[in-house]
Amino acid sequence: MESRDDMDTITVAEAREFVKDHADRGVECPCCNQYVKVYRRKLHSQMAAFLASLYGAIIRNFDEAFGDTTVIGRVVDVRDVRSAGEKASTDASYLTNWGLVQKHGRGQYSITRKGVEFLNGDIRVTKYVYMLCNQRTAISEETIGIDEVWDEDFDFDELMGRHD
């Protein structure tokens with residue numbers, strides 16, 4: 001395949017290979033003309049804020065103590081979650097790619113054991129996931145801890161409602 005004109009006569013297998021070879025930069029699929037790109041998504045502070053807010057909502061809704069692992073698997077509607085960010089629903093759906101939350105239906109999420117351990121600073125998670133057509137295709141070897149995710153101005157204790 002030397003030029004765009006060659007795309008009219010390629011096989012589906014050749015088209016797949018072409019898209020695979022160029023998806024990191026972005027490419028138009030020669031079969032369907034859809035733009036195809038692998039996006040690198042970083043675990044960022046708004047996602048961490050949503051995760052902490054989800055945890056807090058579970059505690060409020062189920063009257064559990066902070067750090068109590070019985071919050072795992074308890075389902076909360078994202079509308080009940082007070083997030084420091086404005087994109088709570090998209091943050092929730094992206095967090096499934098790190099295994100920090102689990103989706104149970106439209107707008108229904110629970111925090112996982114991994115999510116609790118990450119919030120408590122007990123584990124690190126992959127820093128980036130790579131997404132193609134809203135599907136995770138790869139993860140980075142680089143990891144990140146909760147302390148590295150927070151913005152300097154972000155107050156975790158305030159979000160969790162804990163004051164001295």
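Some notes on this structure:
- Lone qualifier among Gly115, Gly73, Gly85 - being modelled with pLDDT of 75 or more and either under 23 Å from Thr143 (Cβ atoms) or more than 13 Å from the chain's Cα centre (by Cα) (or both): Gly115
- Residue count for the range 1-26, restricted to those that are at pLDDT 85 or above and surrounded by 14 or more Cβ atoms within 10 Å (Cβ to Cβ): 3
The values are calculated or read from the model by the stated rules, or taken from the named source; none is laboratory data. Fair warning: this is a prediction, and the values are worked out from it, not measured in the lab. Glycine also receives a Cβ, built like all others from the backbone with ideal geometry; neighbour counts cover every protein chain displayed.
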